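Data first, discussion second: the structure below is written as C-alpha cells.
Each reported figure results from applying straightforward, stated rules to the coordinates on display, with no laboratory input. Being a predicted model, the structure only gives us computed values, none of them experimental. Because the Cβ atoms are built from the backbone with ideal geometry, glycine has one as well, and the counts that use them run over all protein chains shown.
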Ligand code: FES
C-alpha cells in the first residue's frame, strides 16, 4: 500500500512524452527541489536541475531545455551534454560526471516522486 501526498506530484504523464525534457518543482523536507524530468525507453527519469559543472540550472528559460540532434540534454550555461539514460555527461566541461538522480515513478497517469526510494 502506498500513501500519496500532493507534494509528490511532478507532472501528468502525458506531459512527458518520449524524449521530452520538462521542469518540475516539489518540496522535500521543506526545501524546494527543482528537477528535470524526461522519458527514456518508456520510463520516466528525473534528476536535480543542477549541472555538475558549475551548479547552474540546465534550462535556458522556464521549462525550456536544449536538446542536441541525438536527443541528449545540453546544459544552457556552457554546453555540457548529458545522455538521457543515466544522466552521464558525455561531452563538454564535466565529461564523466553525472546528474544527480531522483527516483520517480509513474502511477495512474501521473509522474511522482518515489518516496520509498528516498
Ligand atoms: S554549468 Fe552546465 S556546462 Fe557549465
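Here are the numbers for this structure:
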item: With 10 Å bins from 0: P(r) over segment 6-111, alpha-carbon pairs, percent; result: 16, 52, 29, 4
item: Theoretical FRET efficiency, 1/(1+(r/R0)^6), r = Cβ-Cβ of residue 78 and residue 115, R0 41 Å, to 0.05; result: 0.75
item: Value of relative contact order over the chain, rounded to a whole percent, pairs C-alpha under 8 Å and six or more apart; result: 23 percent
item: Calculated FRET value between residue 70 and residue 12, using beta carbons and R₀ = 30 Å, to 0.05; result: 0.70
